[in-house]
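Below: one structure, written as structure tokens.
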Amino acid sequence: MPPVNEGVENAWILRVVASHGKRVGDINYVFCSDEEILDVNLRYLQHDYYTDVITFDYCANGILSGDIYISLDTVRTNAEQFGKAYDEEFHRVLIHGVLHLVGINDKGPGEREIMEAAEDAALALR
């Protein structure tokens, strides 16, 4: 786990969320291993594969709330695979979950490009 300054990260998340016209309620991060995120993926989503982030959306009335599971193992693997610094990949995944809560998806046609642009914009606010 990279060093995390909660005050800095919280302020950043608030700026990103505000840029999407939303407000922050309760967002819980669960940092885990590959095996733990696989268990969550199987148990709650019936997906039998590893992933870097899973977001459970509990948003209501424009207020963002949810649980965001992040596999630190996969973040490290992805950073190495994509030639990125671990800290950079960590923050990309951290905000990726929040962007799901604001309503950005990444599974349908053309959605991945929209998500990547939103991630880049969010990282620029950091």
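Read-outs: derived from the displayed coordinates by stated rules, not from any lab. Quick caveat, the model's predicted, so the values are computed rather than measured. Counting neighbours? That spans all protein chains shown, and the Cβs are built from the backbone with ideal geometry, glycine included.
Side notes on the structure shown:
- Of the residues making up the stretch 63-72, those that are within 19 Å of Ala122 (Cα to Cα), surrounded by fewer than 20 Cβ atoms within 10 Å (Cβ to Cβ) and hydrophobic (A, V, I, L, M, F, W, C) number 1.
- Matching residues in the stretch 51-68 - criterion: being free of Cβ contacts under 8 Å to residues at least 40 places away in the same chain, assigned to a strand (DSSP E or B) and over 20 Å from Lys107 (Cβ atoms): Ala60
- Of all residues in the stretch 15-27, those satisfying the criterion of being out of contact with any helix residue (DSSP H, G or I) (no Cβ under 8 Å at 6 or more places or on another chain) and loosely packed, with under 14 Cβ neighbours inside 10 Å are Arg15, Ala18, Gly21, Asp26.
- Residues that are among the charged types (D, E, K, R) and surrounded by 15 or more Cβ atoms within 10 Å (Cβ to Cβ), drawn from the stretch 1-14: Glu9
- Filtered residue count, the stretch 43-62, keeping only those that are of a type outside the set (Asp, Glu) and surrounded by 14 or more Cβ atoms within 10 Å (Cβ to Cβ): 8
- Counting only helices (runs of 4 or more DSSP H) wholly contained in the stretch 69-126, the ones carrying 1 or more residues that are of a type in the set (Asp, Glu) and closer than 19 Å to Val24 by Cα occupy 111-124.
- The set of residues in the stretch 3-45 being over 20 Å from Asp120 (Cα atoms), small (Gly, Ala, Ser) and assigned to a helix (DSSP H, G or I) consists of Gly7 alone.
- Residues in the stretch 73-87 that are within 14 Å of the chain's Cα centre (by Cα) and surrounded by fewer than 16 Cβ atoms within 10 Å (Cβ to Cβ): Asp87 only.
- Hits in the stretch 88-122 (condition: among the aliphatic types (A, V, I, L, M), free of Cβ contacts under 8 Å to residues at least 60 places away in the same chain and surrounded by 15 or more Cβ atoms within 10 Å (Cβ to Cβ)): Val93, Ile104, Met115, Ala118
- When the stretch 72-87 is filtered for residues that are farther than 16 Å from Val4 by Cα and in contact (Cβ under 8 Å) with a residue 12 or more places away in the chain, the ones remaining, listed by number, are Asp73, Thr74, Asn78.
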